[in-house]
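S.K.: The structure under discussion is supplied below as structure tokens; questions concerning it will follow.
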Amino acid sequence: MGIEMREKKYSEYRTLGSNAVVTERPLHREEQKKQKELKKVKINRRIKQLEIAKEQKKSIIQVAVAILITGIITIGGNSSLYAKQDQVSDLNGQINELKSDNEALNLKLLKVASLDNIKNVAENQLGMVNQDAKEVVRYNLSENNFPEENGKNEKQSIFAKIKDALF
């Protein structure tokens, strides 16, 4: 036997003090297959656990992104709503200002349109005077105050008469 064989033969043993101790026990083929299968199962289980953890992280990230997008949309909607409310309050202020101006103009109009004011302006500023009762001419509007000219009808042509009759 060569040195290599001897070392191989005795490599299973180790000395502990004066005692020889078996360090590695040669395994049978069946036990080796079982250990390999067990390692494969453990590795596959670990891979599945890692895949599950990866999927969980992915789903958590998806939920976080969905929440973030929803928050951004909500904040954007609220900011546009606040801007619209600000515009509405500005418009309400303008409406109130215009209403007060309108009320002031209505009061001024009522003051100017009063009969006493009209008479005062007519007499003092325009120099108008009241007429005597005998100077006033009255017309009855229910009567025909403007008779038609009879000569004009006779002078109309035949075409004008047809036109008047049709239209």
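S.K.: Being assigned to a helix (DSSP H, G or I) and surrounded by fewer than 10 Cβ atoms within 10 Å (Cβ to Cβ) is the filter; apply it to the range 9-48 and report the residue that is modelled with the lowest pLDDT. Please lay out each step first, then the result.
M.R.: If we filter the range 9-48 for residues that are assigned to a helix (DSSP H, G or I), which is where we start, we get 9-10, 29-48.
Filter once more, so that each one left must be surrounded by fewer than 10 Cβ atoms within 10 Å (Cβ to Cβ): 29-30.
On the way: 29: 76, 30: 80.
Per the criteria, the residue is 29.
S.K.: Just one of 109, 81, 98, 126 is on the phi < 0 side of the Ramachandran plot and modelled with pLDDT of 95 or more; which is it?
M.R.: Among 109, 81, 98, 126, only 98 is on the phi < 0 side of the Ramachandran plot and modelled with pLDDT of 95 or more.
The values are calculated or read from the model by the stated rules, or taken from the named source; none is laboratory data. For clarity, every value in this text was computed on a predicted model and none was experimentally measured. Neighbour counts run over all protein chains shown; Cβ positions are idealised from the backbone, glycine included.
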